[in-house]
Amino acid sequence: MANVSTVGGRAGLRSVCIVAVMLLLAGCGTPAAAPVAPAATAAASQCVPVAEPATTSPNIHLRPASGGPGTAVCITGFIAGGPTATKATATQRRATACWDGCGNGLEETVDVVWSDSQAGAFATRVTVPDVPWLTASGPAPLRPGSYKLGLQCLLPIASGCVGQGSLASALGSRAFASFHLTGPAGGRCGPDQPCAELHLTPASGPPGTTVRVRGWAPVTSILEQPTGYSLLMEGRDLKPVALGQLSQARDGTVHGTFQIPASWASGPPLPPGAYQLILGTNFVSGVVTAPATAPGVTVKQDTGGTRVLLDAGTLTIAPSASWASLGSLKPLSIRGSASVYPGTITAAGSDLAYCIPAGIRLSTDGGRTWSTVATTGVATAAAGAGNALPQAGAACQAALPDPAHPGSLFATFGLVTPPCNCQPPLYMAGLVTTDDGRTWSVIPQPAVIAPEQGDRGFGGFQLQGNEVVALFASRAGGIAAETTMDGGRTWTTGQPSCPASGPCLRWGPAPSSESPCMTAFPQPVEIHAHGTWSSGAGANLCRGQSQIVALSQTTVALVSGGGAPYPLQVSSDGGRTWASVALPPTPGQAPTGYNGLAMLPDGALLALAQDGWWLLPRGAAAWCAIAAATPPSGQIPKLAADGRLWWLDGVNTGKLPTLHSVALSQLSCP
């Protein structure tokens, strides 16, 4: 789901849970800022290592050993085999503090300071919770009494501390002491009070609507990897639908955003109505010591651990607008997303180009005649920029012709950084030839890009009027760009301009590394406001090419096929908010299947089924079968040039693919 934030999280004890949650909720957004702890007490402000007696078992001391909610506590102690300050590694400078027990209570990643003079002597600081917290038994109320406060993973294995029991004992990395919590008791989350509440804006809407979430829940562990609460929706005897994760502050407040789902996975559409929202978190090894007593709390145990679920409110799903209700659509412009698959034909006016094993095929007359542009000079250009081609040779991913400058051709290649001579995954780089392939050069990199291991952050080429824009992912997020108006001979750094027609939004940078498509491979839609570009909706490139379709100066559509959760979304406010449009299913296909979904220049939708082509004309209530040509067996047809639709069959066979086209005039209902 889009733009769902995460709580600052953890390394260690619940790593298995983290992987499961992240696989379930892939595509989450930016991490939340670290919570601000209460001011330290005078006793804790001098939290430095002190001389300790050498022991075989780790030991700790608390200063102070009692206090009220929010007390800052200094922990000092000794662990055999520990380092001095000068020899401590980065992983040894981090540990996990546990309130009310490790694995079952509240855990937090803390910084560890080691002694300059005594190896193994250390100090750190923790803050006593001042709101109820979550355990494997459910929410724990804030009550006076004695609690176990301790540390684990003081001497982690490799980059993290994983597991309990014999493994932790072998590490010698656990130590506990008793802290006495004084009153007053917290007044939230008890036998007569719900333990979680969420406020939604809006509280109802059709699928695709972006909902802002604010609320409160018992505080969860604050560790180094994203965990926090997963947001779920259930009802009508269906499996819970994963909406994403919510950020949580130390005071228990949660916030985030999600899009109202249209269906569960590839199942049937969710019917309109009210659905229960649930906050959930997993405990891999927590022990349930007593049943939950607060209303709306469910504790489930199985072989994978313990799951705690908190009822948190309701969401009302309204009916989606139907395709027929949109009436007559007339696109002002259609812009396709990037391609991560070789064999996609790119159109620029009457010019067409596609990659082949030994070069790039180019037509400048609408496909009537073709020539081959050599790519042998790419190796020299890559070496000059400190890069190299992989063992398989020049891996051309996509090519873009420039109709205004004959002889110029822009292409995306997969490169590696020497001395690695690796096979995929590769990182993407943009190159240009201005002399019909005799020489090539690498596109200059904007200064705002932060390359990692040779990755230039390149995000693809886009043609806009007489400009060719090379997009890059900026360090600060959003778009950085290099623009040329002379066919790639000179470049200007700056922000890309708004499209000539429709709302001011465009495709952002595509991922700069080659993806095996085992997970989402997103390309964002960037919206321009207040002088900057910011990411809004987007598309998963592993589902095939998507489209931004401008319908007016304020209305825009996002078309995504290949089983996308929202095959067609429409925004009437320039891309700030989106609503899903319900499409009739093609015969014999899942309701969200729509393979190769694309909008044609006349506003009709084209899709592919196993038995042929299907067309959904403007305002129609059902698809019709068309027999214009043999359906593609390889790449999906997505681009029209000179009134024709083009595609390739036989891609990735080591031979030249077979080129096909069909006139748009043939794509009509009987």
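Listed here are the strands (runs of 3 or more DSSP E) enclosed by the stretch 482-563 that have at least 2 residues being hydroxyl-bearing (Ser, Thr, Tyr) and within 24 Å of residue 466 (Cβ to Cβ): 492-494. Of the listed requirements (1) in a loop (DSSP other than H, G, I, E, B); (2) modelled with pLDDT of 85 or more; (3) not basic (Lys, Arg), residue 254 misses just one: (1).
Every condition in (1) surrounded by 14 or more Cβ atoms within 10 Å (Cβ to Cβ); (2) modelled with pLDDT under 90 is met by residue 518 except one, and the failing one is (1).
Could you pull out the residue among 335, 361 that is within 25 Å of residue 655 (Cβ to Cβ) and in contact with a Phe, Trp or Tyr (Cβ under 8 Å, 6 or more places away or on another chain)?
361
Selection over the stretch 392-407 of residues that are crowded, with 17+ Cβ neighbours inside 10 Å and at pLDDT below 80 gives a count of 2.
Only one entry in 155, 151 is at pLDDT below 90 and in a strand (DSSP E or B), namely 151.
Among the residues making up the stretch 368-391, those that are outside any helix (DSSP H, G or I) and loosely packed, with under 13 Cβ neighbours inside 10 Å are 368, 369, 371, 386, 391.
Wholly within the stretch 259-359, which strands (runs of 3 or more DSSP E) include no fewer than the required count, namely at least 3 residues that are over 29 Å from residue 578 (Cα atoms), assigned by TED's automatic domain parsing to the domain that holds residue 523 and modelled with pLDDT of 85 or more?
Output list reads 351-356.
The values are calculated or read from the model by the stated rules, or taken from the named source; none is laboratory data. Predicted model only: the values in this text are computed from it and were never measured. FYI the Cβ positions are ideal-geometry reconstructions off the backbone, even for glycines, and counts take in every protein chain you see.
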